[in-house]
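Below is one structure, written out as structure tokens; the observations come after it.
The values are calculated or read from the model by the stated rules, or taken from the named source; none is laboratory data. Since the model is a prediction, treat every value here as computed from it, not as a measurement. Note that we place each Cβ from the backbone using ideal geometry, even for glycine, and neighbour counts take in every protein chain shown. Just the protein is used for accessible areas: all its heavy atoms, side chains included, with ligands, DNA and RNA removed. Shrake-Rupley method; radii C 1.70, N 1.55, O 1.52, S 1.80 Å.
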Amino acid sequence: RNFKVIPILQLSYTMKQLVTWRLPLVSQHLSKASIPTRIQTPHSISKVAVSKHHAVIALDGGELLAWGGAALGGDLDLESKPKKITGIRDAEIGVRQIALGDWHTAVLATDGSIWTCGDNRKGQLGHRSNDKDAVFAEPQKINSLHGLNIKIIRCSGFSTIALSSCGLLFSWGFSSGNGHPGSEISVPRLIQSVPRANNVWCGRDFSLARLIDGNFVWWGRLVGLAQSPQQLVLPVPESQVMHVACTDNAVVVADAFRVYTLFSSSVDYVSRSFDDIASIRSNSFSFLSPRMFWVEAKGLPEDDPISSLRAGPKHIVAVTSSGAMYMCSAVQTLDLSRVSDLKKISLNFSRCHELIGMRCLDVSIGSHVCVAVGVEDKDKQDC
């Protein structure tokens, strides 16, 4: 109730609906978010992405729309009305994926090329430019990746990472997770230390990859600073992991019905007595090292498998195969050095009841805003 719902699109046609609402700010100790607002769009929506300051959607008609502060590389002034992003549609190619950093936008086209726009202060756009402070209001193709069929792109605050169809990882910009410690890279560079992968994800200052052999490795600043890839031990067998997402400083994984969040701390739990450790072990906890442990989130249905998993800096969202949407807080303001506070860690999903009657197809979550795309569910219109 204490937040203003920002109108995203105010157009009169409807196919798929865009739903947006403000998330509670944990620092203000609010327990409820604003009521979701349904917005109609002129074309069916194919992709949606939300970041710290801006959001971008791709319409089936080929248009890209952006709004918010920094939507097109601008300043923090709010742009509540969406602006068209030109360039990609003019090239007569479709949009496969959208990824957003704090101040930049990356678009993966259906032909495997990458287009970026926004702020280039840290080289996060990947363009050869003599002026790194330049702002690109329209997407420009990254020519140095010509000939490589890129299949996945991810963004952190000031960096971008791309995975080619043959499993090679390239990064540019500045982040401890860019695979080039201490380097600010203005053009894509191969991450030679990471074996071939089939997927990749980014946190604020770390990266995570699923290798071709099925193992998961991370590098950057997750638990301390790892300049080379470190294997991540999972709470379930690697073959059962179906969904992965990263918050700013944590990893979230899921099998068909369960979601686990990785917690880390500078505290060495091995130094504690066995009785203390045993007292905080439960079905929800899985210690995999002295400073890392998984916590299982509760509250998801046991008969409706997870179809997608998303994570923002403060929240985790799970969408089930029936189109139901569940959310839980990913923020813990606890002193993890005390066993008594470890016992208080609890992650619980609750269903977004305001969305009953809509089958959720896709969702993206930023720092304080969540955007969902869905269609009316005729079987639930009476709910």
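Some values worked out for this structure:
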read-out	value
12 Å beta-carbon shell around Cys166, net charge (K/R +1, D/E -1)	+2
√(5λ) per eigenvalue of the Cα gyration tensor, region 145-223, largest first, Å	17, 15, 10
Accessible area (Å², 1.4 Å probe, nearest 10) - Asp362	30 Å²
Extension gain, Glu238 back to Lys83 (0.36 nm per residue minus Cα-Cα distance, nm)	51.6 nm
Diffusion constant of region 99-182 at 37 °C, which comes from Stokes-Einstein with the Kirkwood Cα-pair radius and 0.692 mPa s, µm²/s	261 µm²/s
